[in-house]
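Below: the structure, in structure tokens.
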Amino acid sequence: MTAAPITPVHPAPGYLAVSGAEVVFLLLGLVVLGAAVLCVTSRSVVRSALWLVLSLGGLAGCYLVLTAELVAVVQVLIYAGAVVVLLLFGLMFTRAPIGRSADVDTPNRPVAAVVGVAAAGLLAWLLVDAFRLSYLELPAAPTGTAEAIGAAVFRHYVLPFEVISVLLLAALIGALVLSRPDISTAEHR
């Protein structure tokens, strides 16, 4: 009885062999991270919304580098376009303070920064520890096409898709209740 020939396993590529797409992805990731930090730390609501646009646009660029064109277009149209415009219109119509506001400052900012850095460090450590020696061979077929995304969403991810839609609806209703003083408190009636 003869043994079947053993096919050689190709080793994972080294981490020092960096392609141009990986460099662009890293630079876009740094832009997204910087814009997200500035979005959260900005004291002006309008500037915060503009940093959010830059962050969401950079994220769409990351999707383009990953060859997920449909997701990138949806990111630009829905999030960077509609959501931020809706946020700015909401600020204008509710007479919210557009400039700096002392009401939103809190003395707990250093504690929140320490907790955020600790949580990010713990998450990064867990991800590196969990996937340290893992290597995933990407399929040759394009995975970011509309057909592939539609098949994945409506075959395998129907329940998470519906849960997220209910969660977004609850957040929308909660934002409506909090933004209308005659609904949120009984003293205005």
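Hey, can you rank 20-30, 43-53, 164-174 by average C-beta count inside 10 Å, highest first? Walk me through the numbers on the way to the answer.
Working: 20-30: 13.0, 43-53: 16.8, 164-174: 10.1.
The densest-packed peptide leads the list: 43-53, 20-30, 164-174.
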Under a plain spin-label model, where a point goes 7 Å from the Cα along Cα-to-Cβ, how far apart in nm are Val84 and Ala119?
2.4
To the nearest 0.05, how large is the calculated FRET efficiency for Asn108 and Ser44 if R₀ is 25 Å and r is the Cβ-Cβ distance?
0.75
Each label point is 7 Å from the Cα along the Cα-to-Cβ direction; what then is the distance between the points at Leu91 and Phe131, in nm?
3.4
Which distance in nm do the two modelled labels at Leu77 and Leu167 give, with both placed 7 Å along the Cα-to-Cβ direction?
2.4
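Every read-out reported here was derived from the displayed coordinates using simple, explicitly stated rules and does not represent laboratory data. Not measured: the values here are computed from a predicted model. Cβ atoms come from the backbone with ideal geometry, glycine included; neighbour counts cover every protein chain shown.
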